[in-house]
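> Following this message is one structure expressed as structure tokens.
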Amino acid sequence: MEDFNLQEETLTKQYDSKLMKRLLKFAKPFKIQILGVVVIMFIVICLDLLRPYIIKTAIDDNINPPKANYIITKENTENSIKIKDQMYISESKNKKESNASLIYEGKNFYVVNGKVEENLQYKIDGNSLIQGNENYEIYKISKDDLKIIRKNDLSAVVNKGIAICIIAAIVFFLNYIQIYILEYTGQKIVYKIRDTVFRHIELLPLSFFDKNPVGKLVTRVTNDVETLNEMYTAVLVYLFKDFFLIVGILVAMFIMDVKLAFISIITVPIILLLIFIFNKYDRKIYRKVRGRLSKINSSLSENITGMKTVQAYGKEDKKYKEFDKINTSYLDASMEQIKLFAIIRPVMDLIYQLGLAILIGAGGKAVLGAEINIGVLYIFINYIQQFFQPIFDLSEKFDIMQSAMASAERIFMILDTKSNIENPENPINVTRFDGDIEFKNVWFAYNEEDWVLRDVSFKINKGETVAFVGATGAGKTSVISLISRLYDIQKGEILIDGKNIKHMKKEDLRKNLATVLQDVFLFTGNIKSNVRLNNEDITDKDIIKACEYVNASKFIEKLPQKYDSSVNERGTTFSQGERQLIAFARALAFNPPILVLDEATANIDTETESLIQDALNKLTKGRTTIVVAHRLSTIKNADNIIVMHKGKIREMGKHEELIKKDGLYSNLYKLQYETH
């Protein structure tokens with residue numbers, strides 16, 4: 001038989017292309033949305049790069065006075081000011097015609113009758129400005145005059161400020177749309193993955209659940225799937241954004257100034273080397289953290305599930321110490337990771353600041369040497385801040401990707417687990433069974449050839465009630481599990497109405513069977529939903545009728561909300577007998593031709609047992625019924641009793657016949673009743 005055990009995996013790769021291809025298949029139905037997000041991101045990046053450029057033009061063209069062009073004429077215009085008799089100065093649109101300059105000296109403002117070289121030193125001596133061999137006449141002007149002459153500059157600065165605000169508003173709106181679409185798409189993808197995993201788990205055979213703890217499977221469907229959500233929403237699409245941003249900034253910087261561009265990225269190789277070293281050590285610590293977190297989840301699941309036993313035997317302190325030890329080991333591993341982060345990020349910031357200092361030094365020198373304008377230095381400083389952000393985020397994205405690969409590996413391990421109980425390619429048509437059941441030379445083992453049933457053969461006729469008895473481990477419960485094809489036999493045949501059950505669809509087979517177990521499982525909801533089990537063909541009237549028929553209505557009618565009364569997980573608010581009666585009502589509501597009762601009357605109080613016995617008599621009428629029971633008094637009236645021992649049939653017959661044989665059944669009966 002196939003081994004379904006999911007071993008705890010250790011991540012060996014930080015990236016797996018095969019896993020990524022499989023993950024991207026889940027995103028394929030949303031390719032239009034993802035493409036839309038990428039386009040929006042591209043527009044947002046262009047706008048983000050445009051804002052510093054607008055500020056740069058405002059600095060160089062409008063704020064920095066020497067950049068403006070001025071002309072002294074005899075013409076008085078709206079934007080001109082009088083500087084001497086019949087002479088006016090105004091801003092010139094034609095650089096070649098400009099014959100004057102505007103300079104600031106502390107809090108004083110001067111008009112220079114001549115073109116001052118903006119990057120060469122000068123001095124003011126009375127009404128003259130001396131620069132090299134040139135001596136220019138100067139005129140002091142007031143703040144009000146300055147506002148008039150620089151009216152166009154002021155208007156341009158205001159307009160550019162408005163443009164920046166408009167761009168910011170557009171970026172805000174686009175970011176809102178982008179984040180909404182991205183998160184919506186991510187949730188849809190995760191919903192689909194979670195749905196697919198749970199659906200696949202539902203179709204796996206019981207042997208899978210025999211070997212895999214519930215806590216591990218719950219972690220797969222919840223934590224691991226949610227980790228993939230982070231990958232879809234925080235990594236995959238944002239890789240495009242980071243790529244566009246880095247390329248856009250590099251292109252812009254190299255277009256403006258090649259030398260300064262190289263100086264700006266001089267520290268990038270050092271930071272990338274640090275990220276590589278960090279990820280190498282972080283990967284080792286990360287595996288340790290994930291492994292110890294898995295142990296915490298398993299410990300929690302086991303202890304909470306078994307809390308009744310823990311408290312009954314007073315083992316709270318012992319279990320607490322065990323959990324505390326596991327929890328401490330997880331804390332230690334987490335602290336290792338925190339210490340690594342505490343070292344690497346400040347070092348990266350230090351190197352970045354060093355690079356920024358080099359840029360300011362080199363750029364400042366270039367500004368003073370008239371090689372570049374001050375606005376160019378500003379835009380380089382702004383761009384370099386944007387440039388390093390995705391590089392800093394690289395380690396975080398790597399961590400998410402690494403986590404996603406580990407989660408994907410675990411999820412696909414479940415999805416790749418194939419059921420060994422498959423429907424046939426060409427199933428026979430099955431409607432409603434008559435109820436004849438036959439085992440022909442059946443051999444069955446849960447593990448390889450550790451046989452639980454050995455060459456078992458028997459026949460149950462339509463409408464008969466047949467009981468299986470025997471010591472624990474005799475194979476009784478295995479028989480009823482095989483009839484439902486919860487497990488498949490290795491040898492022999494199981495026939496219903498003369499047809500091999502392996503030739504039928506599992507769904508057709510199981511809808512003709514109803515099983516009532518000793519430990520009845522009730523789902524969270526209400527009484528109606530637990531009887532109906534999502535079968536909308538079963539009406540409220542059918543539910544009430546079934547509950548009345550099996551005596552369940554006696555306690556249901558006393559409840560405040562009657563059939564709409566809430567049911568907690570596993571039905572803990574009901575007694576075992578009440579849960580059993582609800583299970584009988586469930587079986588009756590589905591009206592199956594074959595009824596299976598596995599220890600259905602065990603551990604029930606005397607009063608409830610009489611109700612259950614009456615319900616059983618009604619429930620088994622006209623149905624083929626298979627009963628597994630320890631209480632031999634409940635099967636005295638069975639049409640046939642099959643005695644199992646060590647996987648083989650030892651005796652068959654009615655109660656009186658088997659008592660007279662003085663064999664295994666007789667001994668079991670005497671042990672139960674004659675010793676009391």
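The values are calculated or read from the model by the stated rules, or taken from the named source; none is laboratory data. Values in this document were obtained by computation on a predicted structure and should not be read as measured data. We place every Cβ from the backbone using ideal geometry, glycine too, and count neighbours over all the protein chains shown.
> Find the helices (runs of 4 or more DSSP H) located wholly in region 152-234 whose residues include 3 or more that are farther than 30 Å from Ile489 by Cβ, and list them. Give the derivation first.
Details: elements: 206-211, 214-219, 225-231.
In region 152-234, 214-219, 225-231 are the helices (runs of 4 or more DSSP H) which contain 3 or more residues that are farther than 30 Å from Ile489 by Cβ.
> Here's another thing I want to ask about it. What number goes with the only condition from (1) modelled with pLDDT of 80 or more; (2) surrounded by 15 or more Cβ atoms within 10 Å (Cβ to Cβ) that Lys541 does not pass?
Failed condition: (2).
> I need a count of the residues in region 296-308 that are more than 25 Å from the chain's Cα centre (by Cα) and either under 30 Å from Lys280 (Cα atoms) or modelled with pLDDT under 75 (or both).
Qualifying residue count for the region: 2.
> What is the one condition in (1) surrounded by fewer than 16 Cβ atoms within 10 Å (Cβ to Cβ); (2) assigned to a strand (DSSP E or B) that Val111 does not satisfy?
(1)
> Could you count how many residues in region 539-591 are under 26 Å from Asn512 (Cβ atoms), without any contact (Cβ under 8 Å) to a residue 60 or more places away in the chain and among the β-branched types (Val, Ile, Thr)?
Result for region 539-591: 3.
> Does Thr196 fit the bill of being buried (at least 17 other Cβ atoms within 10 Å of the Cβ), within 27 Å of Met231 (Cβ to Cβ), at pLDDT 80 or above and not aromatic (Phe, Trp, Tyr)?
Answer is no for this residue.
> Here's a follow-up. I need the full set of residues from region 5-54 which are out of contact with any Asp or Glu (no Cβ under 8 Å at 6 or more places or on another chain), modelled with pLDDT under 60 and within 20 Å of Val197 (Cα to Cα), in order please.
Those that are out of contact with any Asp or Glu (no Cβ under 8 Å at 6 or more places or on another chain), modelled with pLDDT under 60 and within 20 Å of Val197 (Cα to Cα): Asn5, Leu6, Gln7, Glu8.
> Okay, moving on. Which condition number does Ser207 fail, the rest of (1) farther than 30 Å from Ile63 by Cβ; (2) at pLDDT 80 or above; (3) not aromatic (Phe, Trp, Tyr) being met?
Among (1) farther than 30 Å from Ile63 by Cβ; (2) at pLDDT 80 or above; (3) not aromatic (Phe, Trp, Tyr), the lone unmet condition for Ser207 is (2).
> Could you list all residues from region 530-580 that are assigned to a loop (DSSP other than H, G, I, E, B) and on the phi > 0 side of the Ramachandran plot?
Once the filter is applied, which keeps residues that are assigned to a loop (DSSP other than H, G, I, E, B) and on the phi > 0 side of the Ramachandran plot, region 530-580 yields Leu533, Asn534, Asn551.
> Oh, and also: Of the residues Phe392, Phe388, only one is in the same structural domain as Thr267 (by TED's automatic domain parsing), surrounded by 20 or more Cβ atoms within 10 Å (Cβ to Cβ) and in a helix (DSSP H, G or I); which?
Phe388
> Tell me the residue from Gln402, Gln490 that is touching a Phe, Trp or Tyr at 6+ places or on another chain (Cβ under 9 Å), in contact (Cβ under 8 Å) with a residue 24 or more places away in the chain and closer than 30 Å to Asn279 by Cβ, please.
None of the other options fit; the residue is Gln402.
> Tally up the residues in region 550-582 that are of a type in the set (Val, Ile, Thr) and at pLDDT below 80, please.
Count: 4.
Quick grid of which residues meet (1) modelled with pLDDT of 75 or more; (2) not charged (D, E, K, R); (3) not in a strand (DSSP E or B):
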{"site": "Glu75", "(1), (2), (3)": "no, no, yes"}
{"site": "Ser90", "(1), (2), (3)": "no, yes, no"}
{"site": "Lys93", "(1), (2), (3)": "no, no, yes"}
{"site": "Leu102", "(1), (2), (3)": "yes, yes, no"}
{"site": "Lys115", "(1), (2), (3)": "yes, no, yes"}
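> Only one residue in Ile358, Ile266, Ile372 is assigned to a helix (DSSP H, G or I), hydrophobic (A, V, I, L, M, F, W, C) and either surrounded by 13 or more Cβ atoms within 10 Å (Cβ to Cβ) or free of Cβ contacts under 8 Å to residues at least 60 places away in the same chain (or both). Which one?
Sole residue among the options that is assigned to a helix (DSSP H, G or I), hydrophobic (A, V, I, L, M, F, W, C) and either surrounded by 13 or more Cβ atoms within 10 Å (Cβ to Cβ) or free of Cβ contacts under 8 Å to residues at least 60 places away in the same chain (or both): Ile358.
> Does region 459-478 contain at least one residue that is in contact with a His (Cβ under 7 Å, 6 or more places away or on another chain) and part of a strand (DSSP E or B)?
Within region 459-478 (the criterion being in contact with a His (Cβ under 7 Å, 6 or more places away or on another chain) and part of a strand (DSSP E or B)), the answer is yes, since at least one residue qualifies.
> Spot the failing condition for Pro427; the list is (1) surrounded by fewer than 16 Cβ atoms within 10 Å (Cβ to Cβ); (2) over 19 Å from Tyr487 (Cα atoms); (3) in contact with a Lys or Arg (Cβ under 7 Å, 6 or more places away or on another chain), and only one is missed.
(2)
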